[in-house]
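Engineer: The following block contains the structure, expressed as structure tokens.
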Amino acid sequence: MSDQPSITPQPGIMDISLYVGGAAHVEGRDNVVKLSSNENPYGPSDKAKEAAIRATHQLHRYPNTDHAGLRSAIAETHTLDADRIICGAGSDEVLQFATQCFAGPGDEVIMTEHGFSMYPILARAAGAKPVVVPETDRRVNIQAILDAVTADTRIVFLTNPGNPTSTMLSEAEVQSLASALRPDVLLVHDGAYTEFAGEEFRLDFQLADAFPNVLATRTFSKIYGLGGLRIGWGYAQRPLIDVMNRVRQPFNLSVVQLAAAEAAMRDQDHVKRCKNENNRWRIWLQSALNDLGIGCDESHTNFVLARFRDEETANGCDNALKQDGIIVRRVAGYGLPNCLRITIGDEPSCRRVAHVIGRFMAERG
């Protein structure tokens, strides 16, 4: 039997480093404050929870394959064309559709050095080569992206606002990138945090309307508080959507996912309340950290990136927080070893994390 050929994975699969999510537990602590995964501390809307409970009475039924109710809710809320919307199990699955459809062996997929860690996984899973370009002071450098484009480039992934940096490109910068790319290169505007960015953010939709090679993605995992259900969506011109729907499994979203997401989308009052509270405590936490001598770029998300003087100090602070039952995210894997990403929690969480960091910095001297 030893002479028999073994099953061989496709090229690129064994080069994938497994995704590591934010920690959720601290050994020896029962009551922890989890600020490691950019979750909404206020949870989903009551309407979404009620819709999910009602949907359990239909668990014996297959869900609709066209997601018509959810797509209509999204389209009505954002004034979009429902036929140009595709839904997935989190925006991650929509990103996977795009990579599977438009990149393959011999192709290149561009991403920035502090971009979402799923991008190289998706590229390698399709057999494509990830191409990482530098950022400038934790901001995406448009010219660096354009300089990296070759004849083999098929996709450019852009996280905007950025994760874990929290920085955001201007409308003019993103427009310049979209305008300069060849029409056979797909620009994916990954907008998981767009609902936290200033006034209503529509740049991603405007790009998708103006350019046939732009895909805008969004998620229900962040401001909508439905990370546990895994729902996301994408918006692009119809030819792109038609291609991606060919690889989307017909029953990729359950009846509970569809019902909860539709109700959540229609409850924009809850979204506004969450956004207002996030903005309030984001400003407060940034100021508190700055007063402690810890650098923070202006955040356009539901987290801040705290910059310490070196990796040792960042790790020491992380350990101090854990000892107090507070979990934040180390981001050395994103090329930021001297930083900690801290989710904006509710008032008690923000005050507690600032107090513990302040005590740590005072003791360190």
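Engineer: Mind listing just one residue for me: the one in the range 303-351 that is among the polar types (S, T, N, Q) and more than 19 Å from GLU363 (Cβ to Cβ) and, of those, surrounded by the fewest Cβ atoms within 10 Å (Cβ to Cβ)?
Structural biologist: SER349
Engineer: List the strands (runs of 3 or more DSSP E) that sit entirely inside the range 21-136 and contain at least 1 residues that are polar (S, T, N, Q).
Structural biologist: Filter on the range 21-136 gives 108-112.
Engineer: Considering (1) at pLDDT below 75; (2) of a type in the set (Lys, Arg); (3) in the same structural domain as ARG248 (by TED's automatic domain parsing), say which one ARG29 fails and leave the rest.
Structural biologist: It fails just one condition, (3).
Engineer: Now for a separate question. List the residue pairs whose Cβ atoms are under 7 Å apart, where the first residue sits in the range 251-280 and is more than 12 Å from GLY69 (Cα to Cα), the second is assigned to a helix (DSSP H, G or I) and of a type in the set (Val, Ile, Thr), and the two are 6 or more positions apart or on different chains.
Structural biologist: Final answer for the pair search is VAL256/THR56; GLN268/THR77.
Engineer: On to the next question. If you take the residues of the range 94-110 that are within 20 Å of the chain's Cα centre (by Cα) and surrounded by fewer than 22 Cβ atoms within 10 Å (Cβ to Cβ), which of them is nearest to TRP233 (Cα to Cα)? Full working, then the answer.
Structural biologist: We begin by selecting, within the range 94-110, every residue within 20 Å of the chain's Cα centre (by Cα); these are 94-100, 109-110.
Adding the requirement that they be surrounded by fewer than 22 Cβ atoms within 10 Å (Cβ to Cβ) leaves 96, 100.
Numbers: GLN96: 12, GLN100: 16 Å.
Only one residue fits best here, namely GLN96.
Engineer: Which of the residues spanning the range 324-365 are in a helix (DSSP H, G or I), touching a Gly at 6+ places or on another chain (Cβ under 8 Å) and of a type in the set (A, V, I, L, M)?
Structural biologist: Passing the criteria: VAL353, MET361.
Engineer: Looking only at the range 14-25, filter to residues that are hydrophobic (A, V, I, L, M, F, W, C) and surrounded by 12 or more Cβ atoms within 10 Å (Cβ to Cβ); which one of those is modelled with the lowest pLDDT?
Structural biologist: Residue satisfying both the conditions and the ranking: ALA23.
Engineer: Still on this structure, please answer the following. Regarding the range 158-166, can at least one residue be identified that is surrounded by 22 or more Cβ atoms within 10 Å (Cβ to Cβ) and touching a Lys or Arg at 6+ places or on another chain (Cβ under 6 Å)?
Structural biologist: Scanning the range 158-166 turns up at least one residue that is surrounded by 22 or more Cβ atoms within 10 Å (Cβ to Cβ) and touching a Lys or Arg at 6+ places or on another chain (Cβ under 6 Å).
Engineer: Sticking with this one: Give the range 137-155 a look and list any residue that's under 20 Å from the mean Cα position of the chain (by Cα), hydrophobic (A, V, I, L, M, F, W, C) and assigned to a loop (DSSP other than H, G, I, E, B), or say none.
Structural biologist: VAL140
Engineer: Could you tell me which of the residues ALA208, ALA178 is among the aliphatic types (A, V, I, L, M), touching a helix residue (DSSP H, G or I) at 6+ places or on another chain (Cβ under 7 Å) and closer than 20 Å to VAL94 by Cβ? Give the derivation first.
Structural biologist: Numbers: ALA208 fails: touching a helix residue (DSSP H, G or I) at 6+ places or on another chain (Cβ under 7 Å).
Matching residue, one of ALA208, ALA178: ALA178.
Table: residues versus (1) more than 15 Å from ASN302 (Cα to Cα); (2) at pLDDT 95 or above; (3) not β-branched (Val, Ile, Thr).
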residue	(1), (2), (3)
ASP184	yes, yes, yes
TYR193	no, yes, yes
GLU199	no, no, yes
ASP209	yes, yes, yes
LEU215	yes, yes, yes
GLY227	no, yes, yes
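Engineer: Give the range 167-194 a look and list any residue that's over 19 Å from ARG154 (Cα atoms) and either surrounded by 21 or more Cβ atoms within 10 Å (Cβ to Cβ) or of a type in the set (Ser, Thr, Tyr) (or both), or say none. Walk me through how you get there before you give the answer.
Structural biologist: Restricting attention to the range 167-194, the residues satisfying the condition of being over 19 Å from ARG154 (Cα atoms) are 167-173, 191-194.
The answer is THR167, MET168, LEU169, SER170, GLY191, ALA192, TYR193, THR194.
Engineer: Which one of these does ALA306 not meet: (1) part of a strand (DSSP E or B); (2) in contact with a Lys or Arg (Cβ under 7 Å, 6 or more places away or on another chain)?
Structural biologist: Unmet for ALA306, out of (1) part of a strand (DSSP E or B); (2) in contact with a Lys or Arg (Cβ under 7 Å, 6 or more places away or on another chain): (2).
Engineer: Another question, if that's okay. If I ask for residues that are surrounded by 14 or more Cβ atoms within 10 Å (Cβ to Cβ) and either of a type in the set (Val, Ile, Thr) or farther than 15 Å from ALA216 by Cβ (or both), which ones from the range 70-89 would you list?
Structural biologist: Scanning the range 70-89 gives LEU70, SER72, ALA73, ILE74, ILE85, ILE86, ALA89.
The values are calculated or read from the model by the stated rules, or taken from the named source; none is laboratory data. Note that this is a predicted model, so its numbers are computed, not measured. In this analysis, Cβ positions are derived from the backbone assuming ideal geometry, glycine residues included, and neighbour counts consider all displayed protein chains.
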